[in-house]
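For reference, the structure discussed in these notes is given below.
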Amino acid sequence: MTSDTKTDKPAPASGRNVTIKDLAAELDLSITTISRALNGYSDVGERTRQKVEGAAKRLGYRPNRNAQRLVLQRTHNIAWVQSDNELKYLDPHFAEVMAGVLAQAREVNYDIVLTSHGKDREIATYDRYVRDNSVDGFIVDLPREDDQRIGFLLDSGRPFVVHGREPRCDRYGWVDMDNYGNFYRLARLLVANGHRRIAFINGDEAFNYALYRHRAVRHAVADSGLPEDTVTVYNSAHPMGDAGFRLTREALADPAITAIIYSSILLLVEGYEAWAAAAPRHGQPIALATMDDVLRHIDRTRYLPRVTFVRSSLKDAGLALIDELSRQCDRHAAPQGTLIPSYFDVVPGLDPGSIDEPLPPQRRDHIG
């Protein structure tokens, strides 16, 4: 007797781990095809890959990490090397990136190896991980100009992703916000609305995010035909935040200042009390604008009627860092850059027209 009904293959015995051999029997595919599909090899068709991944999820397959390491020379570990600056671990900016990194690493079955290096041991720490093959790739954050970590990893040929950019960014994977474009537009916005003396309370310019923001503000002023002393820059140490009150008071000591740009909402929150106590300038409150990294412990609604924001999520950046690194490690894809979107929220009373203006031709290709 014949039947058109397909006979289901028996499921693996209860309590036993599902293996690649079980998946191969379930799908009538070779063990090699199953293995290559699960590990992202490009010679497996997309339809087959989806079929294998669906069966693995349905049957509860979990890869054996030790077996993978032996056969594929993969660890599913990602190294994130930090400097010995204990304050960094208290920094809300770092916490937001970490939240995204951990969430996405879990989704793509990676573990994060978070470690620090001692004084003058930065490159030696990276070299140790490269030599013992204990990680598949690296996250590099807070890049500096011509960063020696990036140079070392480019020479090593190991996958890595940078949170930020420096001049060699066409050679590696990166995730960044538009530091240059955002701060160019904030400065142009204030200048276009009549402000001629602006304080810029920035981060630590040893790092590129702050260096490029400073450069952008200077260029925006110069492109508006205004003198260099239109902007006065005040720098905080890294991690920034606790200097906001002191630097705001210092800026407000200049009676000509009519606007303040903050490099972080943390600096704004710290300085807000000093701003509220300041006398109006020319009959108007001092204008405030800030970068907002969407730090979840800060309720920005109390500042909305008085502060112009440019928003770009650091948690989204953390998610994107793992996406980029898993592309390189799992799919053997060429590195690429990802720009996290930014959104402007301009206070009533300011003409927002300049926000939508394109950057001048000489500024469009500037590294962010």
Is it the case that residue 268 is assigned to a strand (DSSP E or B), out of contact with any helix residue (DSSP H, G or I) (no Cβ under 6 Å at 6 or more places or on another chain), crowded, with 19+ Cβ neighbours inside 10 Å and not assigned by TED's automatic domain parsing to the domain that holds residue 38?
no
Verdict on residue 306 being surrounded by fewer than 17 Cβ atoms within 10 Å (Cβ to Cβ), in the same structural domain as residue 262 (by TED's automatic domain parsing) and farther than 20 Å from residue 260 by Cα:
no
Flag for residue 183 being hydrophobic (A, V, I, L, M, F, W, C) and either surrounded by fewer than 22 Cβ atoms within 10 Å (Cβ to Cβ) or assigned by TED's automatic domain parsing to the domain that holds residue 98 (or both):
no
Within segment 80-111, the residues that are in a loop (DSSP other than H, G, I, E, B) and either under 22 Å from residue 152 (Cβ atoms) or not assigned by TED's automatic domain parsing to the domain that holds residue 151 (or both) are 84, 85, 110
Taking segment 82-98 and keeping only residues that are over 17 Å from residue 243 (Cβ atoms) and either more than 12 Å from the chain's Cα centre (by Cα) or β-branched (Val, Ile, Thr) (or both), one is left with 82, 83, 84, 86, 89, 97
In segment 31-80, anything at pLDDT below 90 and aromatic (Phe, Trp, Tyr) is listed as 41, 61
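For every residue, the table says whether it meets (1) touching a Pro at 6+ places or on another chain (Cβ under 9 Å); (2) aromatic (Phe, Trp, Tyr); (3) part of a loop (DSSP other than H, G, I, E, B).
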site: 256; (1), (2), (3): no, no, yes
site: 275; (1), (2), (3): yes, yes, no
site: 295; (1), (2), (3): yes, no, yes
site: 320; (1), (2), (3): no, no, no
site: 333; (1), (2), (3): no, no, yes
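Given the residues 311, 281, 249, 327, which is the only one that is at pLDDT below 95 and surrounded by fewer than 22 Cβ atoms within 10 Å (Cβ to Cβ)? Break it down stepwise before answering.
On the way: 311 fails: at pLDDT below 95; 249 fails: at pLDDT below 95; 327 fails: at pLDDT below 95.
That would be 281, the only listed residue that is at pLDDT below 95 and surrounded by fewer than 22 Cβ atoms within 10 Å (Cβ to Cβ).
Considering only segment 112-195, give the helices (runs of 4 or more DSSP H) lying wholly within it that have at least 3 residues that are without any contact (Cβ under 8 Å) to a residue 24 or more places away in the chain and more than 23 Å from residue 317 (Cα to Cα).
Values: elements: 122-132, 148-156, 179-192.
Output list reads 122-132.
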Within segment 213-238, residues being crowded, with 18+ Cβ neighbours inside 10 Å and of a type in the set (Gly, Ala, Ser) number 3
| query | Can you find even one residue in segment 176-193 that is within 23 Å of the chain's Cα centre (by Cα), of a type in the set (S, T, N, Q) and modelled with pLDDT of 95 or more? | reply | yes
Checked segment 293-331 for anything in contact (Cβ under 8 Å) with a residue 60 or more places away in the chain, of a type in the set (S, T, N, Q) and under 30 Å from residue 191 (Cβ atoms); matches are 308, 312, 313
*asked:* Would you confirm, using the coordinates I've provided, whether residue 257 is touching a residue at least 40 places away in the same chain (Cβ under 8 Å), out of contact with any Leu (no Cβ under 6 Å at 6 or more places or on another chain) and closer than 21 Å to residue 186 by Cα?
replied: yes
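The values are calculated or read from the model by the stated rules, or taken from the named source; none is laboratory data. Worth saying up front: this structure is predicted, and the values here are computed from it rather than measured. All Cβ positions, glycine included, derive from the backbone under ideal geometry; neighbour counts span all protein chains shown.
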